[in-house]
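Here the structure is laid out as structure tokens; the discussion comes afterwards.
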Amino acid sequence: MTVFFWQHDLDPAFPLSVLEYETRDADDQMHWHEYLEIALCLQGGGQFLFGRRSYPAEPGDVFLIDDAEPHVGVTDPPNRMRLLLILFRPELIAAPGCRSFDADYLSPFRCGGRPFANRLPGGGAAASELRPILLELKTIWDREDPADRHLLDANLRRALA
């Protein structure tokens with residue numbers, strides 16, 4: 001499977017983007033990017049592939065994707081999967097040289113050689129707690145109000161905590 005670099009421009013002053021994405025069956029390709037990603041499966045289902053690892057994807061599942069890990073969400077035609085994607089550069093939360101306290105927010109993405117499961121099952125406690133926070137992030141993002149940046153930052157940190 002070919003792996004490509006998915007370019008999504010994030011505002012350097014506030015490198016965050018919240019969007020909905022729908023899988024495109026066989027058109028979706030394994031990719032990687034230079035930002036962290038939290039994906040919430042909203043509808044449909046399929047699989048999330050991370051290199052050679054595969055996880056089922058069902059509504060309510062949350063996936064944590066680091067900034068260099070090849071991955072793709074796939075479905076079998078004619079099925080579709082609708083995802084909420086939270087994309088952000090790590091320095092939004094923890095700039096180089098920051099307090100270790102801030103760097104700890106990024107620990108869900110840093111396994112440090114430990115076995116790591118990218119999927120938080122929708123029926124589990126972690127995904128159940130994250131879901132409303134991620135949906136609130138989307139609601140705030142959709143207002144397109146620059147004054148909401150502090151709310152966006154706070155809710156992202158809440159999700160990561």
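The values are calculated or read from the model by the stated rules, or taken from the named source; none is laboratory data. Computed from a predicted structure; not experimentally measured. Quick reminder, even Gly has a Cβ in these numbers, built from the backbone with ideal geometry, and neighbours come from all protein chains shown. These area figures cover heavy atoms from the full protein model, side chains too; ligands, DNA and RNA do not enter into them. Shrake-Rupley method; radii C 1.70, N 1.55, O 1.52, S 1.80 Å.
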From (1) closer than 18 Å to residue 124 by Cβ; (2) touching a Leu at 6+ places or on another chain (Cβ under 6 Å); (3) modelled with pLDDT of 95 or more; (4) open to solvent by 30 Å² or more (accessible area, probe 1.4 Å), pick out the condition that doesn't hold for residue 108.
(3)
Residue 80: closer than 19 Å to residue 134 by Cβ and surrounded by 14 or more Cβ atoms within 10 Å (Cβ to Cβ), yes or no?
no
Look through segment 2-52, keep the residues that are at pLDDT 85 or above and among the aromatic types (Phe, Trp, Tyr), and return whichever of them is nearest to residue 76 (Cα to Cα).
48
For residue 148, only one of the following conditions fails: (1) touching a residue at least 24 places away in the same chain (Cβ under 8 Å); (2) under 22 Å from residue 17 (Cα atoms). What is its number?
(1)
Among the residues of segment 151-161, which ones are touching a residue at least 24 places away in the same chain (Cβ under 8 Å) and open to solvent by 20 Å² or more (accessible area, probe 1.4 Å)?
153, 157, 158, 161
Using the structure shown, decide if residue 56 is closer than 14 Å to residue 118 by Cβ and surrounded by fewer than 14 Cβ atoms within 10 Å (Cβ to Cβ).
yes
Out of (1) part of a strand (DSSP E or B); (2) in contact with a Cys (Cβ under 9 Å, 6 or more places away or on another chain), the one residue 60 does not meet is (1)
Among the candidates 103, 68, 127, which residue alone is surrounded by fewer than 19 Cβ atoms within 10 Å (Cβ to Cβ), of a type in the set (A, V, I, L, M) and assigned to a helix (DSSP H, G or I)?
103
If I filter segment 15-44 down to residues being farther than 17 Å from residue 90 by Cβ and crowded, with 18+ Cβ neighbours inside 10 Å, which single residue comes out as nearest to the chain's Cα centre (by Cα)?
40
For a quick check of your reading of the model, give me the residue pairs whose first member lies in segment 119-133 and is closer than 19 Å to residue 45 by Cα, whose second is charged (D, E, K, R) and crowded, with 19+ Cβ neighbours inside 10 Å, with beta-carbon atoms closer than 7 Å and at least 6 apart or on different chains.
119/61; 120/61; 121/61; 122/61; 127/61
Output the qualifying pairs, or none if there are none: Cβ atoms under 8 angstrom, residues six or more apart or on different chains, first residue in segment 38-49 and touching a residue at least 12 places away in the same chain (Cβ under 8 Å), second residue open to solvent by 40 Å² or more (accessible area, probe 1.4 Å) and among the acidic types (Asp, Glu).
41/58; 42/20; 45/58; 46/76
Name the one entry in 84, 64 that is of a type in the set (A, V, I, L, M) and at pLDDT below 95.
64
